[in-house]
1. Roll a 1.4 Å probe over the protein chains and send me the accessible area per residue for chain A in Å².
2. Can you pull the one-decimal nm distance between simple spin-label points at A:A2 and A:D38, each 7 Å off the Cα toward Cβ?
3. Taking a probe of 1.4 angstrom, what is the accessible area of A:F90 in Å², to the nearest 10?
4. Using the beta-carbon distance between A:F10 and B:I20 and R0 = 30 Å, what value does 1/(1 + (r/R0)^6) give for FRET efficiency, to the nearest 0.05?
5. Where the centre of each part is set by its Cα atoms, how far does region B:9-77 sit from region A:27-102, in angstrom?
6. Rounded to the nearest 10 Å², what accessible area does B:L109 show when all protein chains are kept and the probe is 1.4 Å?
7. In what order, largest first, do B:K71, B:K56, B:K104 sit by accessible area if the probe radius is 1.4 Å?
8. ³J(HN,Hα) across region A:67-73 via Karplus (A = 6.51, B = -1.76, C = 1.60, θ = phi - 60°), whole Hz, x for Gly/Pro?
Amino acid sequence: NAGVTQTPKFQVLKTGQSMTLQCAQDMNHEYMSWYRQDPGMGLRLIHYSVGAGITDQGEVPNGYNVSRSTTEDFPLRLLSAAPSQTSVYFCASSYDRSNYGYTFGSGTRLTVV
Amino acid sequence: GESVGLHLPTLSVQEGDNSIINCAYSNSASDYFIWYKQESGKGPQFIIDIRSNMDKRQGQRVTVLLNKTVKHLSLQIAATQPGDSAVYFCAENGNSGYALNFGKGTSLLVTP
């Protein structure tokens, strides 16, 4: 049981480049979400999904896209990277959006130069 | 808007002492609360949770106390060890089930 797997662990992008952060879970969780973590800002919700084919915006969605074609996978796409998107990104999954604890991945540290 | 806050941003304790990390929440509709531990360079790790129909729950060396009257949550760690050094977050679900709302964290430093 691998839990939540995120790839890559580290990434450096140039401004304007696009990329996809991968997230996969093997716990058959319906709820998945993406957070970014910045110093002094805590965890901020970017996008979330309550099941395959259903996604919605969180607190800070601008500049990011998501899709949920399967229960297992929830990739996060950066459309045109900006230095303000330098952060650590965490994917999390759960049985429910707000009534069970989240299982987090180990994170992707992204630097945009 | 509603928010989850922590009383102390940093806490330093000696090895073997008990630690208490506090969290205040403002949404009276919150009925599920969780504590997470985040070690440097890692993702948050679930420690313990509690639902609003309880005021105390114990795990291995950890106890969570919930006081709904004053909207206060605490995490007690018994016999704190160097491996307990980490940032601890509380989270709650008060914002209409939209998602869990995370606090900014308290850094716990255990000194020998």
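The values are calculated or read from the model by the stated rules, or taken from the named source; none is laboratory data. None of the values given here were measured: they were computed from a predicted structure. Note that we place each Cβ from the backbone using ideal geometry, even for glycine, and neighbour counts take in every protein chain shown. To get the accessible areas, we keep the full protein, side chains included, count just its heavy atoms, and leave off ligands, DNA and RNA. Shrake-Rupley method; radii C 1.70, N 1.55, O 1.52, S 1.80 Å.
1. 45 Å²
2. Taking the two extended label points, one gets 3.1 nm.
3. Its accessible surface works out to 0 Å², give or take rounding.
4. Between A:F10 and B:I20 the formula returns 0.25.
5. 24 Å
6. 90 Å²
7. B:K104, B:K56, B:K71
8. Using θ = phi - 60°, the values come out as 8, 9, 7, 10, 5, 7, 10 Hz.
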